[in-house]
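Right, one structure below, let's go through it.
The values are calculated or read from the model by the stated rules, or taken from the named source; none is laboratory data. The structure displayed is predicted, hence computed values, not measured ones. Methodologically, a virtual Cβ is constructed for each residue, glycine included, from the backbone with ideal geometry; neighbour enumeration extends over all protein chains shown.
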2 protein chains.
Amino acid sequence: MVAGRPRAFDMEQALDRALQVFWRKGYEGTSLPDLTDAMGINRPSLYAAFGNKESLFRKALDRYSERNAIFVDEALSAPTAREVVEKLLHSVAYARCCPENPPGCLAVQAALVCGDDAESIRKELVMRRAASESRIRERMERAKEEGDLPTNADPTVLARYVSTVIQGMAVQSASGASHTELETVVEMALLAWPT
Amino acid sequence: MVAGRPRAFDMEQALDRALQVFWRKGYEGTSLPDLTDAMGINRPSLYAAFGNKESLFRKALDRYSERNAIFVDEALSAPTAREVVEKLLHSVAYARCCPENPPGCLAVQAALVCGDDAESIRKELVMRRAASESRIRERMERAKEEGDLPTNADPTVLARYVSTVIQGMAVQSASGASHTELETVVEMALLAWPT
DNA sequence: GTATTTGTGTACCAATCGGTCAATATGACA
DNA sequence: TGTCATATTGACCGATTGGTACACAAATAC
């Protein structure tokens, strides 16, 4: 980039707008007019700045993941396994219902199933969800080494359970559940935690 | 219907095939060629027999719901609240991974989010999921009246927790989880149950 | 056998899909 | 003040979307 006409829009803001649309309508449910309207730019500008629809989605997904990572990292750095899942679940209950964002979880609802064209997006999301679960599992393994969990506790199972509850809350949120409703789920889910 | 040329295909079988496609690809992700190919009929036959895409989906959804209702009814008729949720969760763990069906739950993944055109389908699915949760809640209310649950137990919260776990398992299944993996989730989820 | 009724097959419809081209506008730099 | 590099604009592309019109085939009713 040497000189030339400067870009008339804010790329960060435009990407945020695109993220919101994908979040609300999913990958397949979002059309290019949906995107250009929300981003306030026209089609060739979108393609010049972000590539095609798929690469725009991936950039939006990266942004989504980065923001999620902030509170996930914070939760995972709690001193005990119990505190980790408490923080994690409470954070998710808040984040999925944060009023300035669409309900639900992008990584769950953007392409849980899809037509053949979007199959690579679906697989990407499957991998991201698996990666999230792995991070929790690794934290539980550490907890077990530290004597922070009973010797018969299985980090894989614990992580899968927590992931399942989190994904269930995503569906609940996408169905209109409120923050307080999700909090009751969190409290109950924590009753299963080993002591 | 007085006379006329007889239908050359089996409507029940064709509807089953359509259900499979919607289940695997979601409402928006399924195209009419997807449907006609799977059903082995051509477009005008499909429209004559089932209306349009939306009404075909609703018929397929009804069929899906009926089949689900069989084991849900059986679970809800168990004598105690504890047995109800045990049966329910184990049944779901099996049903979501039954090898002759697509993974996941149609009512969750067919249109968790979507474009404007499919909005009425999405709302229908939200209502069905809410109805399922209500059935569980009513069963828990009955259990409480029967002294089958602690006096401080909240049927609404119990039902929401069970629904959330079930929906989480649907996401896990759609992501490739096996039956035995879901069973470990069930066992752990049951640890939260009040005694 | 002929009329009537219904299903099937082909070919088509307008609208929308994701994506691009060529012309023009706008800035930085010399 | 040009020159050059990039951004914006509107029109356009072929392919696909959900949905139909119409001619023909196959059965029953008389």
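Which residue is nearest to DNA strand C (Cβ to nearest atom), if the candidates are limited to segment B:54-75 and must be among the polar types (S, T, N, Q) and touching a residue at least 12 places away in the same chain (Cβ under 8 Å)?
Across segment B:54-75, the extreme among qualifying residues is B:SER65.
Criterion first (on the phi > 0 side of the Ramachandran plot and within 16 Å of DNA strand D (Cβ to nearest atom)) does B:GLY51 satisfy it?
Yes.
Residue by residue through segment A:1-59, note down the ones that are touching a Phe, Trp or Tyr at 6+ places or on another chain (Cβ under 7 Å) and either aromatic (Phe, Trp, Tyr) or outside any helix (DSSP H, G or I) (or both).
A:PHE22, A:TYR27, A:THR30, A:GLY40, A:ILE41, A:PHE57
Is it true that some residue in segment B:12-21 is within 15 Å of DNA strand D (Cβ to nearest atom), under 30 Å from A:GLN172 (Cα atoms) and surrounded by 15 or more Cβ atoms within 10 Å (Cβ to Cβ)?
Scanning segment B:12-21, I find at least one residue that is within 15 Å of DNA strand D (Cβ to nearest atom), under 30 Å from A:GLN172 (Cα atoms) and surrounded by 15 or more Cβ atoms within 10 Å (Cβ to Cβ), so the answer is yes.
Exactly one of these conditions fails for A:ARG43: (1) touching a Ser or Thr at 6+ places or on another chain (Cβ under 9 Å); (2) more than 14 Å from chain B (Cβ to nearest Cβ); (3) crowded, with 18+ Cβ neighbours inside 10 Å. Give me its number.
(3)
I need the full set of residues from segment A:117-138 which are of a type outside the set (Lys, Arg) and either facing chain B (nearest Cβ under 8 Å) or more than 16 Å from DNA strand C (Cβ to nearest atom) (or both), in order please.
A:ALA118, A:LEU125, A:VAL126, A:MET127, A:ALA130, A:ALA131, A:SER132, A:GLU133, A:SER134, A:ILE136, A:GLU138
Sort through A:TYR161, A:TYR94 and tell me the only one that's farther than 16 Å from B:ARG160 by Cβ and within 11 Å of chain B (Cβ to nearest Cβ).
One residue alone meets the criteria, A:TYR161.
Return yes or no: is A:ALA49 surrounded by 17 or more Cβ atoms within 10 Å (Cβ to Cβ) and either within 13 Å of another protein chain (Cβ to nearest Cβ) or not acidic (Asp, Glu) (or both)?
Here the answer is no, as A:ALA49 does not meet what is asked.
What's the number of the condition B:GLY4 fails, among (1) under 30 Å from A:SER31 (Cα atoms); (2) surrounded by fewer than 20 Cβ atoms within 10 Å (Cβ to Cβ); (3) more than 14 Å from chain A (Cβ to nearest Cβ); (4) within 13 Å of DNA strand D (Cβ to nearest atom)?
(1)
Tell me, which residue of segment B:80-97 that is part of a loop (DSSP other than H, G, I, E, B) and at pLDDT 95 or above is surrounded by the fewest Cβ atoms within 10 Å (Cβ to Cβ)?
B:THR80
Sort through A:VAL157, A:VAL126 and tell me the only one that's of a type in the set (A, V, I, L, M, F, W, C), without any contact (Cβ under 8 Å) to a residue 12 or more places away in the chain and touching a Gly at 6+ places or on another chain (Cβ under 8 Å).
A:VAL126
Can you tell me which residue in segment A:22-39 is farthest from A:ILE121 (Cα to Cα), limited to those that are in contact (Cβ under 8 Å) with a residue 40 or more places away in the chain, of a type outside the set (Ser, Thr, Tyr) and away from DNA strand D (no atom under 12 Å from the Cβ)?
By that ranking, first place goes to A:ARG24.
If you check B:ASP148, B:ASP154, which single one turns out to be in contact with a helix residue (DSSP H, G or I) (Cβ under 8 Å, 6 or more places away or on another chain), more than 8 Å from every other protein chain (Cβ to nearest Cβ) and among the acidic types (Asp, Glu)?
B:ASP148
If A:ALA153 satisfies every condition in (1) over 12 Å from the mean Cα position of the chain (by Cα); (2) part of a helix (DSSP H, G or I) but one, which is the exception?
Status for A:ALA153: all satisfied but (2).
Would you mention how many residues in segment B:164-195 are small (Gly, Ala, Ser), within 7 Å of another protein chain (Cβ to nearest Cβ) and part of a helix (DSSP H, G or I)?
The number of residues fulfilling the criteria is 3.
Evaluate the following for A:CYS114: is it within 14 Å of chain B (Cβ to nearest Cβ) and in contact with a His (Cβ under 6 Å, 6 or more places away or on another chain)?
Spelling it out, it is not the case that A:CYS114 is within 14 Å of chain B (Cβ to nearest Cβ) and in contact with a His (Cβ under 6 Å, 6 or more places away or on another chain).
Please pick out the residue among B:SER120, B:SER134, B:SER163, B:SER178 that is buried (at least 20 other Cβ atoms within 10 Å of the Cβ) and among the hydroxyl-bearing types (Ser, Thr, Tyr).
The conditions single out B:SER163.
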